[in-house]
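These notes are about the structure you will find just below.
The values are calculated or read from the model by the stated rules, or taken from the named source; none is laboratory data. Keep in mind it's a predicted model, so treat the numbers as computed, not measured. Cβ atoms come from the backbone with ideal geometry, glycine included; neighbour counts cover every protein chain shown. The accessibility values were calculated without ligands, DNA or RNA, using every heavy atom of the protein model including side chains. Shrake-Rupley method; radii C 1.70, N 1.55, O 1.52, S 1.80 Å.
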Amino acid sequence: MSRFFVKNIRSKKLWDEVGDVYGYMTLIVSIEYQKDGGNSGWLTVVKADDAYLGIPSFFTDDEDRFEKYVDHYDDSKTFTDKEGGIQADPDFKPVRVDSFEGIDLNFDDSFDEHDDMYYGLYDRILNSKRDNEAAQFLRFVIALITSGENEADELIELAKDRYIDEIDIPVCEMERRYLNRSVN
């Protein structure tokens with residue numbers, strides 16, 4: 001079993017003109033982790049659209065690229081490139097990951113609601129091998145990206161500079177809804 005140590009967490013919300021009116025925004029969360037004293041890595045989650053449910057995209061990096069993600073998704077920092085595309089940094093092209101430590105992060109388009117997408121992810125996380133510490137790490141990540149501002153700050157303080165298996169990850173509202181649905 002590989003243990004996950006949470007070294008650092010960076011988070012930023014980006015609001016555009018539409019977001020100010022309708023509550024839509026882009027949330028970017030980068031978590032620096034270390035597995036059993038090995039090299040550090042970064043898991044970045046970009047969640048766009050609805051402040052609570054938005055569809056998350058997962059990215060991994062060997063180094064801190066948080067500011068590049070912020071610039072890439074911040075509409076105010078983009079420019080038109082030679083091909084007519086809009087981007088902030090022509091050398092930064094984030095590539096979504098399909099899985100993390102053996103847990104499938106793909107979402108198909110067959111879900112009727114955003115909740116169903118998260119329920120599918122919870123199915124994969126909670127039914128993964130018991131010794132897969134990444135499952136608890138991802139459970140923490142979902143709690144963090146679906147929580148309110150105050151809850152997010154508490155979760156960050158709870159996890160920073162600790163092993164994920166040493167913290168009691170609270171059941172977030174999304175997980176509670178998943179568990180209630182599973183019981184019914």
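Points worth noting:
- Where trypsin sites (Lys or Arg not before Pro) fall in DSSP loop in region 113-184, at most 15 other Cβ within 10 Å: LYS129, ARG130, LYS160
- Pairs from the list LYS68/LYS160; LYS35/LYS160; LYS13/LYS35; LYS7/LYS35; LYS68/LYS93; LYS12/LYS68 with a Cα-Cα gap above 20 Å: LYS68/LYS160; LYS13/LYS35.
- Solvent exposure of GLU157, expressed as accessible area, is near 130 Å², computed with a probe of 1.4 Å over the protein chains only.
- Under-5 Å amide H pairs with LYS7, H placed in peptide plane, nonlocal only: GLU32, TYR33, GLN34, ASP161
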